[in-house]
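> What follows is a single structure, and I will ask about it in a moment.
Taken together, the values in this text are just the output of simple stated rules run on the coordinates, not laboratory data. Because the structure is a prediction, the values reported are computed rather than measured. When we count neighbours, we look across all protein chains shown, and the Cβ atoms used for this are built from the backbone with ideal geometry, even at glycine.
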Amino acid sequence: MRFQIPQFIDVEDKIFGPLTLKQFIYVAGGVSVAVISVLFLGIFFGLLVSSPILILALALAFYKINNRSFVHTLESAFKYATKDKLYIWRKDETQKPAEESAGGKYSSLVVPNLSESKLKDMNWELDVKKKEDEALVKSSK
């Protein structure tokens with residue numbers, strides 16, 4: 001038995017002429033806000049108020065950045081603005097540390113170099129030991 005496999009699943013259907021449903025809703029919403037503002041505020045003030053909304057509606061409907069719709073860009077910008085950010089400081093290797101320039105008494109200090117796998121192993125061992133200790137404490141009660 002043969003089955004048909006859909007091929008263009010990432011392409012939206014054109015429902016209203018050359019527009020998809022989302023595009024039609026964005027354009028219709030922008031035009032309706034423009035018409036209502038022109039009716040209540042007059043032509044000059046109505047177009048002045050509704051032009052940013054109309055531009056946003058057209059951008060939402062048609063503008064793409066890196067083959068992604070403008071809605072995704074606005075969503076990412078909103079998430080970036082509202083969420084906490086993690087700042088990571090990296091030491092500038094071109095500057096000499098204060099310890100070396102202050103007489104060199106710390107220059108013989110050797111810090112072991114830990115690779116990521118060694119660090120993960122040590123972390124795992126500590127977690128296992130901690131859980132075993134917690135289990136012993138609970139069992140002794």
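> Using the Cβ atoms and a cut-off under 14 Å, what net charge is assigned to the surroundings of L58, where Lys and Arg are +1 and Asp and Glu are -1?
Counting the neighbours of L58, the net charge comes to +2.
> In addition: Local charge sum around Y26 (other residues, Cβ-Cβ under 15 Å, Lys/Arg +1, Asp/Glu -1)?
That sum, taken over residues with Cβ under 15 Å, equals +1.
> Another one. For the pair F3 and K22, how long in nm is the line joining their label points, each one 7 Å along Cα→Cβ?
2.7 nm
> What does the range 14-77 give for Rg and for Dmax, in Å, if only its C-alpha atoms count?
Cα-based Rg and Dmax for the range 14-77 come out at 13.2, 39 Å.
> Okay, moving on. Can you flag which of K64/K91; K83/K118; K91/K120; K64/K85; K79/K120 are past 29 Å Cα-Cα?
Listed pairs above 29 Å: K64/K91; K83/K118; K79/K120.
> How much net charge surrounds V71 when only the other residues with a Cβ under 12 Å from the Cβ of V71 are counted, with Lys and Arg +1 and Asp and Glu -1?
+2
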